[in-house]
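A short worksheet on the structure shown next.
The values are calculated or read from the model by the stated rules, or taken from the named source; none is laboratory data. From a predicted model like this one, the values you see are computed outputs, not experimental measurements. Positions of Cβ are backbone-derived with ideal geometry, glycine not excepted, and every protein chain shown enters the neighbour counts.
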Amino acid sequence: MKGEHPLLVITLVFLHVVNGCPHVCTCNSKAKTVDCRGRGLTEVPSILYFDMQELYLQNNRIRTVHPMAFREATALKVLDLSNNSIASLADGAFQGLHNLVVLNLANNSIQDIDKRLFISLRSLSELNLSFNHITSLPGALGNDIKNLTRLSVRHNRLQKLDRTLVEPLSKLQALFIHNNPWICDCQIIGFKLWLESFLFKGGTIDDIKCQQPDELLETDLRKVPYEIFQTCPSSSYNHLLASIHHTDSTHKASRLHVQSDHAGESLPECEPKQRPRPVNLRHAIATVVITGVVCGIVCLMMLAAAVYGCAYAAIMAKYHRELKDVDQLPPTTEQGSPEEKEPLDSNIA
């Protein structure tokens, strides 16, 4: 019996290794998930079976992720390392995870991200880096994970985000960047332009409030007028104007293209009609002047009519009064009085 115990232990260890489930974790071979949440782990388990698709390591005390830590989990699609104490991620930490779709690194102590950290994550769709101490993102981020649809970098120490970093993210649908100490100076012009284009295309974003300069404190970058950047170096401001012109031209071209499909008109025939703004201004001034003159003439005519009406009414009233006075006079007799007729009558007799 005593000899059977070591054999039993060896057998169990062998089965455990073959199964690939860490002894402190809960594994579901049918769902292909490994649950290691809140187990007090200080590092990523070294035994992981190759066809595992979901690995949950949050709420532990992991401080670092070593190179090739997930070399045996090539089928992994969901990896959650949130709520740990991770301060560093070695180059190659996620090497081999070509099928990874969701990566959660929120609520850690990450400060720097190696420029090649995400190079093998070609299928990554969601990346959560919130609640860390990140001061900058690797410049090749957009080129390494072009299939990214959701990115969260909330509650970090980012002061700027370069336009060239996010432009390659053509599939991005949602960007969460709230609560970072953004500096809204000349270096953020390109990112502001990208934001407006991103929103125009239907993207989702939370607020991005400036912390510097003082006059823009707590102002959302999207509401900062472009006139603020007129003091920028000429090269930066010229780039801004060129970008705005390019964006406007693109939008106009798209609208005119749609109109031409319906009306059979081409862009060269329509474009010149939108340019002569000074002519429109002169037309507006001429319209105002002509309108004023016409209104003045109408007012004078109305005044003359009123004066004529009053004069006519006064004359007619006087005429009616005189006519009334004439009607009230006593009638005059054409024959003489009786005294004057008597001598005549006597002579006739």
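Restricting the search to segment 28-39, which residues are crowded, with 18+ Cβ neighbours inside 10 Å and in contact (Cβ under 8 Å) with a residue 24 or more places away in the chain? Result: Cys36, single match. Residues being surrounded by fewer than 16 Cβ atoms within 10 Å (Cβ to Cβ), within 22 Å of Thr164 (Cα to Cα) and basic (Lys, Arg) are entirely absent from segment 187-199.
Would you be able to say whether some residue in segment 36-44 is in the same structural domain as His133 (by TED's automatic domain parsing) and touching a Cys at 6+ places or on another chain (Cβ under 6 Å)? Checked against the condition, which is being in the same structural domain as His133 (by TED's automatic domain parsing) and touching a Cys at 6+ places or on another chain (Cβ under 6 Å), segment 36-44 yields at least one hit.
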